[in-house]
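A.B. asks: Before I ask anything, let me first share the structure, which is written out below as structure tokens.
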Amino acid sequence: MTDRRTVLRAAAAAAAAGALPAARAQQAFPARPIRLICPWTAGGTTDIVMRSWAESASKILGQQVILENKAGAGGTLGAVELANNAKPDGYTLAQLPQSVFRIPHMQKVQFDTTKDFTWIICMTGYTFGLVVRADSPIKDIKDLVAFAKAKPGEFTYGSPGVGTSPHLAVEEFAAKAGIKLQHVPFKGVADGLQALIGGHTMGHSDSTGWGPQVEAGRLRLLATYGSKRTKRWPTIPTLNDLGYETVSDSPFGVCGPKGMDPAVVKTLHDAFRKVIDDPMVVQTLEKYDQPVIHMDTAQYTKFALETFNAEKATVERLGMSAPK
């Protein structure tokens, strides 16, 4: 009997010992570096902001968060990566910009916005605006409307891609102003500004990566697209101020592939929630006029589904829906 008890205790101890590595593995997240995809070019507003997130999150999580740029396709390449290649283990994350809600209504894509992602945390949103060169004869939006009415389609403006918020905001403004402008898509703000400064385009619509050029006197800011004026440029009107009823701020945060472990999601949410309070990150957000817009996982998921449906109506109103 004693021998039998001894054998049973030994077996139980062995089973418990065997379970310990698995338990440790579950508790250890993250146990290796995390890849955070920025779907825009290096050097742009989103890249700079997300690099500050990665630096802060690396300290909080105790593992390196490595930023990887995958620019193009209107900012949707991060979504493609999450939907088609990433494991739901928390080690591949991405920014999913407003274009993932909109472009699927405009063309065929390699992801399902409503089913393929885990909406971990929303953290901030953009300030968008339209800039021209400082030596441009167009001094304000009134001049732009007059020019476009006199020469339909001759005013060329860049954006970070077809279907992005800076693109559709200008198209909505143009529709309400009764003018036609010529859109030129780029992969990100850095490429677009280079084209504008080089004289290849006449204007650029984007987030505030153009800010340093405006402050240096090389570019002129015509209007911003928020619901109210910015703190940094309080004299510059919004499109709403000018009567064009166009508002765009484009909230965004950190997302993962579908099917993630809720415990891992919570770990990531809590870490990136602390990132928002990091003074270094706060300073970076303020530099690029990006307000803190925090939504937890449940709120962000609800926002994503509602925004996907709302963007369908916007695309239809602008006559840009995919052919049926």
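The values are calculated or read from the model by the stated rules, or taken from the named source; none is laboratory data. All values reported here derive from a predicted model rather than from experimental measurement. When we count neighbours, we look across all protein chains shown, and the Cβ atoms used for this are built from the backbone with ideal geometry, even at glycine.
A.B. asks: Hydrophobic (A, V, I, L, M, F, W, C) and in the same structural domain as GLY178 (by TED's automatic domain parsing): does that describe LEU239? Spell out the reasoning first.
C.D. replies: Numbers: hydrophobic (A, V, I, L, M, F, W, C): yes; in the same structural domain as GLY178 (by TED's automatic domain parsing): no.
Here the answer is no, as LEU239 does not meet what is asked.
A.B. asks: For segment 226-258, give me each residue that is within 20 Å of the chain's Cα centre (by Cα) and either under 15 Å from LYS139 (Cα atoms) or at pLDDT 95 or above (or both). Even if it seems obvious, please write down each step before you answer.
C.D. replies: Going through segment 226-258, the residues within 20 Å of the chain's Cα centre (by Cα) turn out to be 226-227, 230, 246-258.
The answer is PHE252, GLY253, VAL254, CYS255, GLY256, PRO257, LYS258.
A.B. asks: Collect the residues in segment 148-170 that are assigned to a loop (DSSP other than H, G, I, E, B), in contact with a strand residue (DSSP E or B) (Cβ under 6 Å, 6 or more places away or on another chain) and modelled with pLDDT of 95 or more, keeping them in residue-number order.
C.D. replies: Selection gives GLY153 alone.
A.B. asks: Also: Just checking, which of VAL264, VAL315 is over 17 Å from the mean Cα position of the chain (by Cα) and at pLDDT 95 or above?
C.D. replies: VAL264
A.B. asks: Would you pick out the residues in segment 212-225 that are surrounded by fewer than 22 Cβ atoms within 10 Å (Cβ to Cβ) and either over 23 Å from the mean Cα position of the chain (by Cα) or small (Gly, Ala, Ser) (or both)?
C.D. replies: GLU215, ALA216, GLY217, ARG218, ARG220
A.B. asks: Which residues, counting only those in segment 209-229, are small (Gly, Ala, Ser) and either touching a Leu at 6+ places or on another chain (Cβ under 6 Å) or assigned to a helix (DSSP H, G or I) (or both)?
C.D. replies: Passing the criteria: GLY209, GLY211, ALA223.
Quick grid of which residues meet (1) surrounded by 18 or more Cβ atoms within 10 Å (Cβ to Cβ); (2) in contact (Cβ under 8 Å) with a residue 60 or more places away in the chain; (3) part of a loop (DSSP other than H, G, I, E, B):
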position: LYS231; (1), (2), (3): no, no, yes
position: ASP241; (1), (2), (3): no, no, yes
position: GLU245; (1), (2), (3): no, yes, yes
position: GLY253; (1), (2), (3): yes, yes, no
position: GLY256; (1), (2), (3): yes, yes, no
position: ALA271; (1), (2), (3): yes, yes, no
position: ILE276; (1), (2), (3): yes, yes, no
position: VAL281; (1), (2), (3): yes, yes, no
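A.B. asks: Here is a check on your reading of the model: is MET260 of a type in the set (A, V, I, L, M, F, W, C), touching a Ser or Thr at 6+ places or on another chain (Cβ under 8 Å), more than 30 Å from PRO234 (Cα to Cα) and not in a helix (DSSP H, G or I)? Spell out how you get there, then give the answer.
C.D. replies: Details: of a type in the set (A, V, I, L, M, F, W, C): yes; touching a Ser or Thr at 6+ places or on another chain (Cβ under 8 Å): yes; more than 30 Å from PRO234 (Cα to Cα): yes; not in a helix (DSSP H, G or I): yes.
Considered against the rule, which asks whether it is of a type in the set (A, V, I, L, M, F, W, C), touching a Ser or Thr at 6+ places or on another chain (Cβ under 8 Å), more than 30 Å from PRO234 (Cα to Cα) and not in a helix (DSSP H, G or I), MET260 comes out as yes.
A.B. asks: Which one is nearest to GLN107 (Cα to Cα), of the residues in segment 150-180 that are aliphatic (A, V, I, L, M) and crowded, with 22+ Cβ neighbours inside 10 Å?
C.D. replies: LEU168
A.B. asks: Give the residue that is nearest to SER159 (Cα to Cα), with candidates limited to residues of segment 81-105 that are touching a helix residue (DSSP H, G or I) at 6+ places or on another chain (Cβ under 9 Å) and surrounded by fewer than 21 Cβ atoms within 10 Å (Cβ to Cβ).
C.D. replies: Filtering segment 81-105 for residues that are touching a helix residue (DSSP H, G or I) at 6+ places or on another chain (Cβ under 9 Å) and surrounded by fewer than 21 Cβ atoms within 10 Å (Cβ to Cβ), the one nearest to SER159 (Cα to Cα) comes out as HIS105.
A.B. asks: Provide a single number: the residues in segment 290-316 that are charged (D, E, K, R) and either farther than 20 Å from VAL109 by Cβ or not in a helix (DSSP H, G or I) (or both).
C.D. replies: Pass one, segment 290-316, residues charged (D, E, K, R): 296, 302, 306, 311-312, 316.
Imposing the further condition that a residue be either farther than 20 Å from VAL109 by Cβ or not in a helix (DSSP H, G or I) (or both) reduces the set to 296, 302.
Residues that pass the stated criteria total 2.
A.B. asks: Right, here's the next one. Would you check which residues across segment 39-92 are in contact with a Lys or Arg (Cβ under 7 Å, 6 or more places away or on another chain) and touching a residue at least 40 places away in the same chain (Cβ under 8 Å) and list them?
C.D. replies: If the condition is that a residue be in contact with a Lys or Arg (Cβ under 7 Å, 6 or more places away or on another chain) and touching a residue at least 40 places away in the same chain (Cβ under 8 Å), then PRO39, THR41, ILE60, ALA71, GLY72, LEU77, GLY78, GLU81, PRO88, TYR91, THR92 are the ones that fit.
A.B. asks: Report whether or not ALA174 is at pLDDT 95 or above and over 29 Å from VAL49 (Cα atoms).
C.D. replies: Taking the combined requirement at face value, the residue satisfies it.
A.B. asks: Ok, one more. So which residues in segment 174-208 are among the aliphatic types (A, V, I, L, M) and part of a strand (DSSP E or B), if there are any at all?
C.D. replies: VAL184
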